[in-house]
Amino acid sequence: MRNDLRFQPLDASRSPRFADIATFFRLPRHEVNAEVDIALVGVPFDMGVNYRSGARQGPAAVREASRAIRRIHPTSGIAPFALCNVADIGDAPINPLDMAASIELIQRFYEDLHRSGSVPISIGGDHTVPLPILRAIAKDGPVGIVHFDSHADTLDELLGTRVNHATTFRRAVEETLIDPRRTIQIGLRGSRFSADDVAYGERVGMRLVTMDEFEAIGRDAVIAEIDRVTGSGRTYVTFDIDGLDAAYAMGTGVPEVGGFSVRDAQMMIRSLRGKHLVGADICEVAPMFDPTGQTQLNAANLMFELLCVIADSLAARR
């Protein structure tokens with residue numbers, strides 16, 4: 001536990017959760033600097049999608065939904081705000097008329113964040129977003145990846161472009177940002193453009209867990225695979241919200257039926273406790289497609305799960 005904990009969320013037992021301006025978990029806004037152990041970041045970028053746009057609204061929606069979250073994890077007892085200085089540092093800059101410039105702006109923002117020593121937990125934005133993040137934080141060597149998604153995102157190109165939400169993890173392997181043999185993709189099930197859509201990941205040594213296999217071997221066996229594949233090395237977590245069954249995540253660009261539940265996701269994230277976690281993101285929340293608000297509420301809860309295991313990981317490494 002730190003002795004200089006400065007950033008605390010508003011206390012919902014004293015200040016009603018509907019009051020004041022929305023920030024992630026009602027935490028204070030703060031600039032990027034070394035005081036922040038864990039930086040909560042919005043990345044309102046969705047120029048990498050080929051179907052339904054709208055994930056640029058994800059950060060704002062998840063901030064609103066995160067008003068529902070309190071301070072202490074109900075199962076593990078982890079109290080992240082008592083372990084680390086956690087702050088909402090706002091949104092990474094983007095240029096909504098220039099995709100390439102936006103990718104560069106996001107990368108530069110995370111390079112500054114990485115130099116400050118803060119560990120990022122980000123809300124996208126479409127699933128192009130992890131690429132500039134990894135370009136910033138994995139320069140010192142490739143990281144392992146725990147990737148929750150209904151799609152592998154390892155195409156070589158889509159509609160003639162090579163940087164988009166369907167090519168992210170192929171580019172990351174090619175740029176030696178991630179170690180494919182320490183990468184596990186969980187929940188794959190979406191219909192494919194061709195028979196070769198997942199061939200790249202298989203060829204370079206990624207562990208691909210389809211929903212058919214998930215159902216056949218069970219959640220505990222998948223958790224054991226996550227542990228085996230990632231080992232003790234530096235690990236990044238990326239969660240496309242469409243990894244959840246569409247019943248839990250209709251507010252996304254490409255909802256897919258037949259996926260895992262929110263409860264499955266919670267348990268898999270909790271299993272990461274003790275790992276050397278260097279960051280995480282949740283992407284593809286497009287709130288306008290879910291008038292109930294359930295998708296962003298689920299994302300906010302999963303963000304809190306990630307915050308708890310990352311805060312615990314940082315505290316253990318001190």
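Quick notes
- Of everything in the stretch 52-89 that is outside any helix (DSSP H, G or I) and among the polar types (S, T, N, Q), the residue that is surrounded by the fewest Cβ atoms within 10 Å (Cβ to Cβ) is THR75.
- Qualifying residue in the stretch 269-279 (condition: in a helix (DSSP H, G or I), open to solvent by less than 10 Å² (accessible area, probe 1.4 Å) and out of contact with any strand residue (DSSP E or B) (no Cβ under 7 Å at 6 or more places or on another chain)): yes
- The condition of being part of a loop (DSSP other than H, G, I, E, B), at negative phi and not hydroxyl-bearing (Ser, Thr, Tyr) holds for only one of HIS114, HIS147, HIS165, that being HIS165.
- Some residue of the stretch 215-235 being closer than 26 Å to PRO120 by Cβ, among the polar types (S, T, N, Q) and surrounded by fewer than 21 Cβ atoms within 10 Å (Cβ to Cβ): yes
- Residue that is nearest to the chain's Cα centre (by Cα), among those in the stretch 126-142 that are buried (at least 24 other Cβ atoms within 10 Å of the Cβ) and within 24 Å of ARG228 (Cα to Cα): PRO130
- Matching option when the condition is open to solvent by less than 10 Å² (accessible area, probe 1.4 Å), under 21 Å from VAL262 (Cβ atoms), outside any loop (DSSP other than H, G, I, E, B) and in contact (Cβ under 8 Å) with a residue 40 or more places away in the chain, among ILE106, ILE123: ILE123
The values are calculated or read from the model by the stated rules, or taken from the named source; none is laboratory data. None of these values were measured; they are calculated from a predicted model. Cβ: placed from backbone, ideal geometry, glycine included. Neighbour counts: every protein chain shown. What goes into the accessible areas is simple: the full protein's heavy atoms, side chains included, and nothing from ligands, DNA or RNA. Shrake-Rupley method; radii C 1.70, N 1.55, O 1.52, S 1.80 Å.
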